1. Scan the range B:84-140 residue by residue and report those that are modelled with pLDDT of 90 or more, in contact with a Phe, Trp or Tyr (Cβ under 8 Å, 6 or more places away or on another chain) and open to solvent by 30 Å² or more (accessible area, probe 1.4 Å).
2. Tell me the residue from A:Thr140, A:Thr172, A:Thr166 that is out of contact with any strand residue (DSSP E or B) (no Cβ under 9 Å at 6 or more places or on another chain), away from chain B (no Cβ under 14 Å), hydroxyl-bearing (Ser, Thr, Tyr) and in a helix (DSSP H, G or I), please.
3. Do you know which residues across the range A:206-226 are touching an Asp or Glu at 6+ places or on another chain (Cβ under 9 Å) and within 14 Å of another protein chain (Cβ to nearest Cβ)?
4. Go through the range B:1-56 and count every residue that is part of a helix (DSSP H, G or I), among the polar types (S, T, N, Q) and modelled with pLDDT of 80 or more.
5. Name the pairs whose Cβ atoms lie under 6 Å apart, with the first residue in the range B:235-251 and farther than 22 Å from B:Val173 by Cβ, the second open to solvent by less than 10 Å² (accessible area, probe 1.4 Å) and not in a strand (DSSP E or B), and 6 or more positions between them or separate chains?
6. Can you tell me which residues in the range B:37-57 are more than 17 Å from A:Asp35 (Cα to Cα) and surrounded by 19 or more Cβ atoms within 10 Å (Cβ to Cβ)?
7. Sort out which residues of the range B:244-267 are hydroxyl-bearing (Ser, Thr, Tyr), touching a helix residue (DSSP H, G or I) at 6+ places or on another chain (Cβ under 9 Å) and closer than 15 Å to B:Gly89 by Cβ, and write them in order of number.
8. Going residue by residue through the range B:194-206, is there one that turns out to be of a type in the set (Asp, Glu), under 30 Å from A:Leu242 (Cα atoms), buried (at least 23 other Cβ atoms within 10 Å of the Cβ) and in the same structural domain as B:Thr252 (by TED's automatic domain parsing)?
Amino acid sequence: MAWSLSKAFKSLFAGARQVEPQDWENLEDTLLQADFGPRVTDEVIEAVHAIADVSATLDTDDLRRILGEVLEERLDAFDPTLSLASEPGKPAVVLVVGVNGVGKTTTIGKFAKFIATRGKRVLVGAADTFRAAAVDQLATWAERAGVDIVKPQQDGQDPAAVAFQTVERAVTDGHEIVIIDTAGRLHTKSGLMDELAKIKRVVEKSVPIAEVLLVLDATTGQNGLNQAEAFLEQAGVTGLVLTKLDGSARGGFVFAVQELTGIPVKLVGQGEGIDDLTGFTPHVFVRQLLD
Amino acid sequence: MVVFGTLSEKLTSALSSLRTKGKLSAADVDGTVREIRRALLDADVSLDVVKSFTGKIRDRALSDDVNKALNPAQQVVQIVNEELVEILGGAQSQLSFAKKPPTVIMLAGLQGSGKTTFAGKLAKYLKSQGHTPVLVACDLQRPNAVTQLTVIAEQAGVQIFAPEPGNGKGNPVAVAKDGVKYAKQKLYDTVIIDTAGRLGVDEDLMREARSVRDATSPDEVLFVLDAMIGQDAVVTAKAFQDGVDFTGVVLTKLDGDARGGAALSVRGLTDRPIVFASTGESLDALEPFYPDRMASRILDLGDILTLIEQAQKNFDEDDANKVAEKIQSNTFTLQDFLEQLQQVRKMGSMKGLLGMMPGAGKMREQIDNFDEKDIDRTEAIIRSMTPAERETPKLLNGSRRLRIAKGSGMTVTDVNQLVIRFESAAKMMKTVAKGVPQTSRAWDRFPGHAPRAKRSPPKRLRVRGTPPNARQRTRPFNRLLPGMEIVSDSVPNRPPK
C-alpha cells in the first residue's frame with residue numbers, strides 16, 4: 001500500500017511515549033514528504049523545538065499538539081474570507097487563473113454551485129477559448145450548477161472580449177456574481193501572462209474585479225511558489241484555491257506560498273463531485289494533515 | 001521577490017565553493033552534500049531518492065580516486081552528473097511496437113497531468129513516422145473530454161474512435177476493446193487509448209484502468225506525469241505501478257520552470273524508463289527523453305556535452321582557420337559570412353543552441369524572444385546578391401540594393417542595415433582577432449541580429465569568456481563554445497541563500 005502522510009504521522013505519534021531523537025528526524029522527513037519544502041520544514045521544526053525544549057518531559061502526544069499549534073498559527077496569520085460584495089448593476093467579478101491542468105474549470109463549476117445554492121445569481125464566462133472543448137466542459141458544469149453562461153461568439157475569440165461581454169451581460173441582466181474561466185497557462189510564458197493582464201484591464205473598464213483566484217494543484221511541489229509569484233505579479237492574485245486534496249498529496253507548499261506572497265488560501269477542492277468545494281479552515285486543514 | 005534558486009543554481013553555488021579549493025576534506029564533502037540535498041528537495045525530488053542519492057555522492061566523493069585527482073571539484077560535478085544520469089536511465093528509451101499490428105498504447109495518469117494533449121501529440125508524432133494511429137476516447141468521466149480529444153484528433157489529422165459521448169455515460173472498457181477491434185478491421189497500425197484521470201488512492205478507478213489494460217493487452221502503458229509534481233510523485237507512481245504496471249513514463253509541462261525532480265523520483269523508485277518529454281501546448285511540442293540531457297539540464301551546467309559534440313561535428317577545423325585568416329587579413333566577405341551562418345545553423349536552432357549554454361536559465365526570456373527568422377532574412381538578402389557583390393560590398397549602389405531588396409522580399413532599409421552591420425561586425429571581428437577585449441555591445445553588431453522594437457535589447461547580453469587564448473582570438477564564432485558564460489547585465493546575480 002502506498003505511503004500516506006497521515007499514516008506517517010500516525011506511526012510517528014502512535015501511543016504516547018517519551019520523545020527520542022529519532023522522532024525529530026521522522027518529523028522532518030514527514031514534513032518534507034508533505035511538500036513543505038526544506039525552508040519551511042526547518043522553520044517549523046525550530047518553532048516546535050522552541051516550545052518543546054522548555055518542558056522537562058516531552059511525550060509524543062505533546063510533540064503532536066505543539067506541531068499542530070505551530071502549523072495553525074502560521075495559517076491563522078492569513079484571512080481566508082472571500083470578498084464578494086455586490087450591488088445592483090455592479091456584480092462581484094471573480095477571475096480564475098492558473099497553470100494547465102490544475103482544475104480551473106472544475107473549480108468554477110463547483111464554485112458556481114457553491115454560490116448559487118446560497119441564493120445568488122451567478123453568471124460564468126467561458127474565456128478559455130484556447131483549449132479544445134474547454135467551453136463545452138464549462139457549459140456542462142454550468143448546467144449542473146444551474147447557472148447562466150456566456151460563450152464566445154466564435155472559435156478562438158479574444159478571451160478579453162468574452163470576459164467583457166460576460167460582465168456587460170451580468171450588469172444588464174442583474175447577476176450578482178460573475179466567474180470568468182481563463183485558459184491554463186504556464187507562468188513562464190510571458191505572452192500568455194500579458195494576455196491575463198489584458199483580460200483584467202478590459203473587465204475593469206466596466207466593473208472592478210473582486211477576486212482573482214489562483215488555482216493550485218495539491219500535487220504540485222515547490223514549483224507552486226514560482227506559479228504564485230508570477231501570477232501575483234501579472235494578474236494581481238487575491239486568493240488561492242487548493243485542488244485535488246482528496247488524493248494522497250497534502251499540499252504543504254501552501255505554507256510557503258502564503259507566507260511568501262501574502263495571498264491567503266480561500267477555497268479547497270477535494271473531489272470531482274459538484275459539492276466537493278469548501279472554504280479554507282486552518283484548523284481543519286491542519287487536522288487533516290495530522291490525523 | 002527572490003524565491004529559492006533553481007536546483008542548478010543551488011548546485012552550482014554548492015559546487016562553486018568546491019571549485020576554489022584544492023583538495024576535499026570530509027567537512028567539505030559534508031557541506032556540499034547538505035547543499036545538494038537541500039537543492040534536490042527544493043527541486044521536488046522525493047526524500048527517499050534524495051537520501052540514497054546523497055549517500056552515493058558522499059561515498060564516492062570521499063573515495064581515494066577523487067582526492068588524488070588533479071581537480072577534485074570537477075570530479076564532484078562529474079560524480080553528481082554521472083549519478084543523475086544513472087538514475088535518470090542511462091541510455092535513451094524507445095517505444096516498442098507489436099510484431100503483429102495494431103500496436104496498442106494505453107495512457108494513464110492523474111487528472112490534469114496532460115494525457116489528452118499528449119495523446120494528440122503522440123498520434124501526430126507517430127503519423128509523421130509513417131504509422132497510422134487511431135485515438136480511442138476512453139475518458140468518459142471528465143465533462144467533454146471526448147469532445148476535446150475529437151478536436152485534437154482533427155488538429156493532428158488522425159482518426160478517432162469515440163462511440164460514447166462521455167460525461168459519465170458509457171463503459172470505457174468496452175470502448176477500449178471495440179477501439180482495438182476497429183483498428184484491426186480498418187487496418188490502423190497503432191491504437192492510442194486515452195483514459196480518465198484518476199487519483200492513485202482511488203481503488204475503484206484503478207481497477208477500471210486495470211480492466212481496460214486487461215481487455216486490450218497494450219504493448220505500452222504510458223504513465224503521464226506533470227513535471228511540476230511534488231513529493232506525491234512517489235506515491236502516485238507507486239500506485240499506478242501497482243495498479244496498471246506501466247511500461248514507460250511521459251513527463252509533461254517541461255516548458256515551464258519546474259525543476260523536474262519528479263523525473264529523478266520516478267526513475268529512482270519504479271525503474272521504468274521515461275520515454276517522452278512534452279514541452280508545450282502545440283501538438284508538435286514532443287521530444288524523446290534524453291537522460292543525459294535532462295541531468296545536465298537539472299544541473300544547469302549547460303548541455304555542454306551535446307554542445308561540444310555538435311560543435312565538433314559541424315565546425316570544420318580547416319574552414320575555421322580559413323575564416324580566421326580572412327578576418328585578420330581583412331578579406332572576410334558576405335559570402336564567408338553566409339557560410340558561417342549556415343554552419344551555426346547546422347548545429348540546430350539558435351534558440352536551442354543558446355538554451356544549452358551554461359547559465360542559460362537566467363536569460364530564458366531573452367532566448368525566447370530571439371527571432372530565428374532574423375537569420376532567414378539575413379540569408380535571403382545575401383542570397384539575392386551576385387557573387388561579385390558578396391565579395392565586394394562596395395559595389396552595392398542604390399539600384400543594386402533595390403534589386404536585392406526586391407529579390408529577397410525585404411526593404412532597401414533592411415539591405416542597408418545588413419551592409420552597415422556587416423561592416424561594423426567585420427571591423428569588430430578584426431579587433432577581436434587582434435586581441436582587444438570584446439566590448440559589451442559586440443553581440444549587437446552581428447549581422448542577423450538586428451535589434452527589434454519589442455525584443456529585450458540584446459545589448460544586455462554580455463559575452464564573458466575565458467581570457468582569449470591564441471586560438472579563440474582568431475575564431476570569434478568559437479566564443480559560442482563552452483568555457484564561457486553569457487550573463488545578463490540587467491539581472492543581478494542572486495546571492496546564494
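The values are calculated or read from the model by the stated rules, or taken from the named source; none is laboratory data. Note that this is a predicted model, so its numbers are computed, not measured. Quick reminder, even Gly has a Cβ in these numbers, built from the backbone with ideal geometry, and neighbours come from all protein chains shown. What goes into the accessible areas is simple: the full protein's heavy atoms, side chains included, and nothing from ligands, DNA or RNA. Shrake-Rupley method; radii C 1.70, N 1.55, O 1.52, S 1.80 Å.
1. Within the range B:84-140, just B:Thr132 meets the criteria.
2. A:Thr172
3. A:Asp217, A:Ala218, A:Thr219, A:Thr220, A:Gly221, A:Gln222, A:Asn223, A:Gly224, A:Asn226
4. Within the range B:1-56, residues that are part of a helix (DSSP H, G or I), among the polar types (S, T, N, Q) and modelled with pLDDT of 80 or more number 2.
5. Once the first residue is farther than 22 Å from B:Val173 by Cβ and sits in the range B:235-251, its partners that are open to solvent by less than 10 Å² (accessible area, probe 1.4 Å) and not in a strand (DSSP E or B) give B:Ala237/B:Val266; B:Ala237/B:Thr270; B:Val249/B:Val266; B:Val250/B:Phe118; B:Leu251/B:Ala227; B:Leu251/B:Ala263.
6. B:Phe53, B:Thr54, B:Ile57 - these are the residues of the range B:37-57 that are more than 17 Å from A:Asp35 (Cα to Cα) and surrounded by 19 or more Cβ atoms within 10 Å (Cβ to Cβ).
7. The answer is B:Ser265, and nothing else.
8. Checked against the condition, which is being of a type in the set (Asp, Glu), under 30 Å from A:Leu242 (Cα atoms), buried (at least 23 other Cβ atoms within 10 Å of the Cβ) and in the same structural domain as B:Thr252 (by TED's automatic domain parsing), the range B:194-206 yields at least one hit.
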